[in-house]
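Here the structure is laid out as structure tokens; the discussion comes afterwards.
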Amino acid sequence: ATPAEAAPPVVEVTAVKSMAESKSQEAVQKIRRPSVLRAPQQREFLDFTSSTFTYDELKGSFPSGVDPSKKEMYLSDDDFQKLFKCPKAEFDEFPTWKKIQAKKRLQLF
């Protein structure tokens, strides 16, 4: 084989690269379109530092305005201490798995 036959033509490689780049750019443009990416609706929740609910109000239900991921924080400090056997600040330091386990046990998940 001659050296000209062994090496692929540069023009073809460039053309393939350009096609790949244009496909990649099209994909990026599709992703960046505002119609494709929509921000999730922000829900407004009550401030759990100033709003409290009883355990019975929170257990197994989702009262209006309560952040479902932080239901336990809407308990009064006394109720929280009785149910979780520790203060809120200490509970906040627990690993995530331990928080979830405690919340499930108390039906606050």
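Values in this text are rule-based calculations from the coordinates and carry no lab data. The structure presented is a predicted model; accordingly, all values stated were derived computationally and were not measured. Every residue, glycine as well, gets a Cβ built from its backbone with ideal geometry; the counts of neighbours run over all protein chains shown.
May I ask you to derive the FRET efficiency for Ser69 and Lys104 from their Cβ-Cβ distance with R0 = 22 Å, giving the value to the nearest 0.05? Provide the component values of the computation, followed by the final result.
On the way: r = 13 Å, r/R0 = 0.60.
Efficiency, from the Cβ-Cβ distance: 0.95.
What are the ³J(HN,Hα) couplings of segment 99-109, residue after residue, when phi is run through the Karplus curve with 6.51, -1.76, 1.60 and θ = phi - 60°? Round to Hz, x for glycine and proline.
Couplings: 5, 4, 4, 5, 5, 5, 4, 9, 6, 10, 10 Hz.
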